[in-house]
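Okay, structure first, notes after.
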Amino acid sequence: MELEKVYNPKETESKWYKFWEEKKYFESHVNPAKKPFTMVIPPPNITGILHMGHVLNNTIQDILARYKRMSGYETCWIPGTDHAGIATQNVVEKSLAKEKIFRRDLTREQFLEYVWKWKDQYGGTIIKQLRYLGSSCDWPRERFTLDEGLSDAVKEVFVRLYDKGLIYKGKYIVNWCPRCTTALSDDEVEHRDHEASLWHIKYPLKGTNEHIVVATTRPETMLGDTAVAVNPSDERYKHLIGKTLILPLAEREIPIVADAFVDPAFGTGMVKVTPAHDPNDFHIGKRNNLPQIIAFDVHGKMNENVPEIYRGLDRYECRKKVVEHLTEKDLLVKTDKHKNAVGHCYRCDTVIEPYLSDQWFVKMKPMAEKALEAVTSGKIQFTPERWVKVYQHWMENINDWCISRQLWWGHRLPVYYCNNCRQQAEAQISNLKSNPETAQKEKWIIVSKELPKKCPHCGSTALEQDPDVLDTWFSSWLWPFSTLGWPKENEDLKYYYPTDTLVTAADIIFFWVARMIMAGLEFKGEVPFKKVYFNSIVRDAQGRKMSKSLGNSPDPLDIINEYSADALRFTVAYLSPIGQDVLFAKEKCEIGRNFCNKIWNASRFILLNVDNNMQADIKSLDSSLAPMDKWILSEYNQAIKETTKYLDELNFTGAAHILHEFFWSKFCDWYVEFVKPRLQDEKQKEVVQYVFLYVLTNSLKLMHPIMPFITEELYQQTKGLLPEKSRDESIMISSWPVFNAVPGYESSVKEVEFVMEFIKAIRTVRVDMNVAPQKQVEIVINTADKEKFEIIQKYLPNMTLMCKVGKVSAGSVKPRFSAIIVAGGVEIFILLEGIIDFEKEKARLDKNCQKVIKDIEGLNNKLSDSRFLQHAPEKEVERLKAFKKENEDKLASIKKYIDVLQAE
RNA sequence: GGGCGAUUAGCUCAGUUGGUUAGAGUACUACGUUGACAUCGUAGGGGUCACAGGUUCGAGUCCUGUAUCGCCCACCA
């Protein structure tokens, strides 16, 4: 049988993916005979396209899924997508705008129809692309956060939390995006430092010619000022507390109040207070019973509460005008440069505006305490561990979660208002209560999964659903159990929950991971997963985060086309540092491509050299195994042990390195080269063929989780050759190799290692002496150890092939014109008449000598230190002594022959 | 302003609980192609493990401090 000389990944990959899917190997069913291994995919946004972050994330998940499947687990990897409220609404609005269709001209229903249409067309892009990567997701279980079942879970959770008093409505300062015209949670705001100005403004004291000075970075907000605050202990201003100021431009009267929040050392020590547009001022306002004047509309334009001249102006235009007018009136004292952090919308990057509005919140503290405990106690394990601290810090300082969004795309709040009750209540209380305790008890609010027929209080049917939708993460945080059918209790949920390992990027630790843990504990009474693996963030060669806007993310599909999916997967696993960022450039995929090529060609060589009618099995052959066979079998076993260990530790880099080292350096470079002579011997050939196939097929299994396609192709190609009783239909359902150290191989391993050292030493001398590569040399061995000489004689055919030694003889005198090496405690003379350069040879020996002397010196220092001898473990002392002896023997030999050389 | 992490070969990174002579890939140098593979082979050069202290018989590894870089959190107008 002969393989194609060149591996064709493209054809192979689509062929086997189709095969696996048709055979339903990815699918999982409740199976009490097996332990489950469950993962949920971090659902990509429907607006997304595959980028390197997804590649890394899904490669890791797929490695785990395939490894666990082969290890006998009922493996279920649930895929799906996230509706991504703001992001999707923005994308669809933009795409409609190109056709001159604007959301403001559409009804909610019409707009949503467009979004669903868009979703059907583009929403599955990433999920489709994941197949090219080889992802073994359980596709029939694919879920979408707006699916009926998941929406039901969302409503169920909302109602439960509301009934428990953990959800409340209130009028608070929230982060407002004037472009998206919605509230955002604190986490959705990205802070960046801006070079801003700090304007110092005079506020005249009523009835005097005096004024005070306040400093602000947002002068336009002064139109909503309702006070100026000073620190109550600030001696400079004590006398002013209670006095009245004339707010310039707006020409309103505002009081000077005392509040401990004010830092006397900052600015002038006087703060203008805008309760409706600044979180601090909001609280100062509450404490001092100040009115709240909302000065902007939802788009960030000045509203009817400001003087007419500013109405309708954008907040920044207004800022300019305000500064201008203040200057004209000589009320601007000075303008300082000032650096401060400004919040931006994480979806559209618009500067957010703190804004007073009615929103819904979740009380987080009670849930956070349990969720923190789950991680600190180790019930949930983080890898890398350092994320525990980050998690802990957030959990201990958690704020309530603003969950309402003024959008159309998303889960509508299961909240209904009775207009009748509301009117009655509003007649009684003029302004809305913003105390959560009372607000949620307001009668006109009905929280229910379904639209109630009538108001339970007054019987009115004039009910209206809250127009807002929920934060996208309000559905994502239920993902580990909503995807399994919750709130319906069923067999899947019982069997698969809790899931095992969550693989995700650390940038959503708060958005998603933390909240899933809270939700799991709150609604299932159990952690949602046992382990969390935080994969690296992929950066470009300059260390910049890969992003669409920078255009620095190579398209993974291009990489797959150019290098193959296996190459990409291997490279990503091989490079990915543990918990650090990974710098990526597509050229790095040469690592994976070259390795695939090596695997392919080694297999090709093996298939060229095996007969179809092999009957042997490892037991019947054991007595015929040569030391080299035993060596590679030992190495192979070691590789199983380490690969398994690394995969269990979620150290994918470790696993990839072990496999690379084992297959390439040990199997190809040594074993395959070494046994070539034995292929000429009919009897020996059978043994070699067996070991070839045994190690190859099993190595393929070890490599399959990382490189699924090429390993399947080669596994199939070797089918029928290895005398296994029954060969699995596919490598992906074959079983993971088990470490099985065979005792009694130690002496063979030692023997082979001795010969290897020997061969390497001869190669080095040959290159140093510029011996023509094909020229055979003769060597003379000087050793008192007869056994060693016999070993060397035995391996002459190998040495002929691997370091071109044509003849070996014994002798205790250095022949003339020979180079000398000491390896494995044996003196070797390489006959190089007419070739040897005595100057070079002497230099070489001198260099060797220097190194050995240095080593001995170091060892002497240690071994003559009584404190070392006293404290170090005996084993360590013995080891060093033996090493010293070895070096001394070597030095003696080299020195002796430097003298001999001198004489020649 | 707080917290976390990083600093090892030209580059990208490994380095398990402290214990030989600090590794890999890549790049570089020399040599080599008629039968597995030039996406290859053989050999080689290249590191006072950021710096300064400390603990220890022994530190790349543990502790403290410094520097540089990065990330996260944060209501200083």
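The values are calculated or read from the model by the stated rules, or taken from the named source; none is laboratory data. For clarity, every value in this text was computed on a predicted model and none was experimentally measured. Counting neighbours? That spans all protein chains shown, and the Cβs are built from the backbone with ideal geometry, glycine included. Protein only, heavy atoms only, side chains kept; ligands, DNA and RNA dropped before computing areas. Shrake-Rupley method; radii C 1.70, N 1.55, O 1.52, S 1.80 Å.
Placing a pseudo-label 7 Å from each Cα along the Cα-to-Cβ vector at A:Thr217 and A:Asp263 gives an inter-label distance of 1.1 nm. Modelled this way, with points 7 Å down the Cα-to-C-beta line, the labels at A:Lys453 and A:Ile508 are 4.2 nm from one another.
Expressed as a whole percent, the accessible area of the range A:766-836 that falls on carbon and sulfur atoms is 52 (1.4 Å probe). Distance between the modelled labels on A:Lys5 and A:Glu562, one decimal in nanometres: 2.5 nm (7 Å Cα→Cβ projection).
Each of the peptides A:640-653, A:878-891 was scored by the mean count of other Cβ atoms within 10 Å over its residues; in descending order, highest first, they stand as A:640-653, A:878-891. Calculated FRET efficiency, A:Glu195 to A:Glu661, Cβ-Cβ distance, R0 = 56 Å: about 0.60 to the nearest 0.05. In loop segments of the range A:70-156 as defined by DSSP, the GluC sites (Glu not before Pro) with at most 11 further C-beta atoms inside 10 Å of their C-beta are A:Glu99. At a probe radius of 1.4 angstrom, the accessible area of chain A per residue rounds to 45 square angstrom.
For A:Glu328 and A:Lys100, what is the calculated FRET efficiency with R₀ set at 56 Å and r taken between the beta-carbons, to the nearest 0.05?
Numbers: r = 42 Å, r/R0 = 0.76.
Between A:Glu328 and A:Lys100 the formula returns 0.85.
Residue ranges A:674-685, A:224-235 sort as A:224-235, A:674-685 when ordered by packing (mean number of other C-beta atoms within 10 Å per residue, highest first). Computed across the range A:200-350, the Kirkwood radius stands at 15.9 Å (inverse of mean 1/r, all Cα pairs). Helical runs (DSSP H, four residues minimum) scored at -39500 (n - 2.57) apiece and divided by the length of chain A put the mean residue ellipticity at 222 nm at -13000 deg cm²/dmol. Please report the carbon-and-sulfur percent of the accessible area for the range A:666-748; probe 1.4 Å, protein heavy atoms only, DNA, RNA and ligands left out. Whole-percent figure for carbon plus sulfur exposure: 47. Looking at the range A:676-768, the chymotrypsin sites (Phe, Trp or Tyr not before Pro) that sit in a DSSP loop and have at most 14 other Cβ atoms within 10 Å of their own Cβ are A:Phe739.
Along the positive direction of the dipole of the range A:61-215 (beta-carbon charges: Lys, Arg +1; Asp, Glu -1; about the Cα centre), which of A:Thr107, A:Val91, A:Cys76 reaches farthest? Positive-end residue among those listed: A:Thr107.
Seen from all directions on average, chain A presents a Cα convex hull projection of 52.3 nm².
Apply the Karplus curve 6.51 cos²θ - 1.76 cosθ + 1.60, θ = phi - 60°, to the phi angles in the range A:327-332 and return the couplings in whole Hz, x for Gly and Pro. Result, rounded to whole Hz: 4, 4, 8, 6, 9, 9.
How much length is gained if the chain between A:Lys15 and A:Asn770 is pulled fully straight, taking 0.36 nm per residue apart and subtracting their Cα-Cα distance, in nm to one decimal?
Gain on extension, A:Lys15 to A:Asn770, equals 266.8 nm.
For a modelled paramagnetic label at A:Lys586, 7 Å from Cα along Cα-to-Cβ, no residue of the range A:54-81 is in reach, as no backbone nitrogen comes under 13 Å. One chain, two ends: A:Val813 and A:Thr181. Fully extended at 0.36 nm per residue, the span grows by 218.1 nm beyond their Cα-Cα distance.
How would you classify the range A:846-900 from its alpha-carbon gyration tensor, with a ≥ b ≥ c the square roots of the eigenvalues: rounded for a/c under 1.5, else prolate if a/b is greater than b/c, otherwise oblate? Prolate, because a/c is 1.5 or more and a/b exceeds b/c.
Within the set of other residues whose C-beta is less than 12 Å from the C-beta of A:Gly80, count the net charge using Lys and Arg as +1 and Asp and Glu as -1.
-2
Count Lys and Arg as plus one, Asp and Glu as minus one, and take only other residues whose Cβ is under 11 Å from that of A:Gly285; the net charge is then -2.
If R₀ is 51 angstrom, what is the calculated FRET efficiency for the pair A:Ala33 and A:Asn288, using the beta carbon separation as r and rounding to 0.05? Working from the Cβ atoms, E equals 0.15. Taking other residues whose beta carbon is less than 9 angstrom from the beta carbon of A:Val271, and scoring Lys, Arg as +1 and Asp, Glu as -1, yields -2.
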